[in-house]
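Engineer: A single structure is presented below for examination.
The values are calculated or read from the model by the stated rules, or taken from the named source; none is laboratory data. Worth saying up front: this structure is predicted, and the values here are computed from it rather than measured. Methodologically, a virtual Cβ is constructed for each residue, glycine included, from the backbone with ideal geometry; neighbour enumeration extends over all protein chains shown. For the accessible areas, the whole protein counts, side chains as well, though only heavy atoms, and no ligand, DNA or RNA atoms are used. Shrake-Rupley method; radii C 1.70, N 1.55, O 1.52, S 1.80 Å.
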Amino acid sequence: MSAPLIIAVDGPAAAGKGTLARRLAAQLSLPYLDTGLLYRATGRRVLDAGGDPAKPEDATRAAETLQPADLDRGDLRGPAADDAASKVAAISGVRAALLDFQRRFGQARGAVLDGRDIGTVVFPEAPVKLFVTASPEERARRRHAELAARGPAPSLAEVAAEMAARDARDSARDVAPLRPAPDAVLLDTSDLDADAAFSAALRIIESLRSR
Ligand code: DC
């Protein structure tokens, strides 16, 4: 029997990878995991306990005791959750605690997983790896529109600055930094809407799987 299909979708925030990964999973009848939620829920637990998300003991304890229900919380998006997630994600104990969960999820029935290190660390053997990017200006514009749709939002300049700080932290950290796997296919969505990105990804997947 062939191994269950794993599709890794990595890239920076607001590049369009979540929307794309969710649609790919539906199209291919695969389970979907937004791995950013694991880091967001871990960061939230640290904040709830009055801890410091940048402190390895606090963050690792929160990751080790994470419950599935934590992923369903309604407060995992927004600037405070973004910041806490990015801090806990730089801690090796946190990443080790969350690795098993991600692997078991994918190995059961195959999956589409989106994150930062799916193709480099979690599933380096995945047959399909997409690295989804967009220009920093376009990503800030998208995130700002997303926040504004939910209520009072920070300015575009503030969103851009916060995103640049988070990009720098995600890319510069020692453990599992954000970078494309050597065999990842780059998909730049700066000039693509969601439908065009989806079609482009399907073409890439078909061509990789027919090899
Ligand atoms: O994709 P997101 O914005 O929900 O991710 C939240 C944070 O978690 C972000 O700062 C990067 C981090 N993250 C990570 O380090 N590795 C992953 N596989 C997914 C997210």
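Engineer: Considering all projection directions equally, how large on average is the shadow of the alpha-carbon convex hull of segment 1-60, in square nanometres? Write down the numbers at each step before the final one.
Structural biologist: Working: hull surface 24.1 nm².
Mean projected area for segment 1-60: 6.0 nm², to one decimal.
Engineer: How much accessible area per residue does segment 42-148 have, counting only protein heavy atoms and a probe of 1.4 Å, in square angstrom? Intermediate values should be presented prior to the final figure.
Structural biologist: Working: 4840 Å² over 107 residues.
Roughly 45 Å² per residue, with all protein chains present.
Engineer: Taking all protein chains together and a probe of 1.4 Å, list THR120, THR60 from the most accessible to the least accessible. Intermediate values should be presented prior to the final figure.
Structural biologist: Working: THR120 50, THR60 25 Å².
If we order THR120, THR60 from most to least accessible, we get THR120, THR60.
Engineer: Accessible area of segment 100-168 with a 1.4 Å probe: how many percent of it is carbon plus sulfur? Don't skip to the end; give the middle numbers.
Structural biologist: Working: 1980 of 3340 Å².
Ligands and nucleic acids excluded, carbon and sulfur give 59 percent.
Engineer: A further question follows. For segment 75-145, what does the equivalent ellipsoid look like in terms of its semi-axes, each the square root of 5 times an eigenvalue of the Cα gyration tensor, given largest first in whole Å? Walk me through the numbers before you get to the answer.
Structural biologist: On the way: eigenvalues 118, 63, 25 Å².
For segment 75-145, the ellipsoid semi-axes come out as 24, 18, 11 Å.
Engineer: Give me the mean projected area, in nm² to one decimal, of the convex hull enclosing the Cα positions of segment 73-201.
Structural biologist: The directionally averaged projection comes out at 8.9 nm².
Engineer: For segment 18-78, which whole percent of the accessible surface, found with a 1.4 angstrom probe, sits on carbon and sulfur atoms?
Structural biologist: Values: 1440 of 2990 Å².
On segment 18-78, the fraction of accessible area on carbon and sulfur atoms equals 48 percent.
Engineer: How high is the relative contact order of segment 7-72? Use alpha-carbon pairs under 8 Å, at least six apart in sequence, and give a whole percent.
Structural biologist: On the way: 32 pairs, mean separation 14.5, N = 66.
Worked out over segment 7-72, it gives 22 percent.
Engineer: Which lysines, on any chain, are close to LYS55 with Cα under 22 Å apart, when same-chain ones fewer than 8 places away are left out?
Structural biologist: List returned: LYS87.
Engineer: When 1/r is averaged over all different Cα pairs and the result inverted, which Kirkwood radius in Å belongs to segment 127-211?
Structural biologist: Details: mean 1/r = 0.0677 Å⁻¹.
Radius from the Kirkwood sum: 14.8 Å.
Engineer: What is the gain in length, in nm to one decimal, between GLU137 and LEU99 on full extension, counting 0.36 nm per residue of separation less the C-alpha to C-alpha distance?
Structural biologist: 10.5 nm
Engineer: With charges set only on the Cβ (+1 for Lys and Arg, -1 for Asp and Glu), what does the dipole of segment 1-150 come to about its Cα centre, in debye to the nearest 20?
Structural biologist: Dipole size: approximately 360 debye.
Engineer: Moving on to the next point. Place +1 on the Cβ of every Lys and Arg and -1 on the Cβ of every Asp and Glu in the chain, take the dipole about the Cα centre, and give the residue among ALA176, ALA201, ILE91 whose Cα lies farthest towards its positive end.
Structural biologist: After comparing all options, I get ALA201.
Engineer: Please give me, ordered by residue number, the GluC sites (Glu not before Pro) of segment 120-207 that lie in loop per DSSP and have at most 16 other Cβ atoms within 10 Å.
Structural biologist: Of the GluC sites (Glu not before Pro), the ones in loops of segment 120-207 whose Cβ has at most 16 other Cβ atoms within 10 Å are GLU125.
Engineer: If I take every Cα pair under 8 Å that is 6 or more residues apart in the chain, average their sequence separation and divide by the length, what percent do I get for the relative contact order?
Structural biologist: On the way: 329 pairs, mean separation 68.2, N = 211.
Here the relative contact order equals 32 percent.
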